[in-house]
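Structure, as structure tokens:
All of the numbers you see were taken from the coordinates with simple rules; none came from a lab. Just so you know, these numbers come straight off a predicted model, no measurement behind them. Because the Cβ atoms are built from the backbone with ideal geometry, glycine has one as well, and the counts that use them run over all protein chains shown.
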């Protein structure tokens with residue numbers, strides 16, 4: 001009689017992947033709703049999600065542009081300040 005061999009990490013990982021795939025296949029095999037109201041509600045949800053993602057994407061882009069503009073403005077002020085300091089040093093030296 002052979003001794004019990006506990007499954008290793010790779011074997012457990014493969015078993016979990018097979019179980020996930022089986023659950024996913026089972027979910028996909030379910031019959032899709034045929035009622036027009038259910039189909040319409042699902043289409044409304046999808047379109048609403050797309051609109052929300054488009055709006056949030058636009059907000060993120062505008063926020064990034066604002067940050068970029070502020071950073072550019074700050075950099076310009078620093079360059080102008082350094083130039084002013086340099087010209088002040090030259091004026092004092094002469």
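Observations on the structure shown:
- Cα long-axis angle, helix 9-29 against the chain (0 to 90 degrees, to the nearest 10): 80
- Compactness ratio for the chain: Cα radius of gyration over 2.2 N^0.38 Å (N = residue count) comes to 2.54.
- Angle in degrees between helix 36-93 and the longest Cα principal axis of the chain, rounded to the nearest 10: 30
- Using alpha carbons only, the radius of gyration of the stretch 39-80 set against its Kirkwood radius gives Rg/Rh = 1.44.
- Highest mean first, the peptides 39-46, 2-9 sorted by other C-beta atoms within 10 Å per residue fall in the order 39-46, 2-9.
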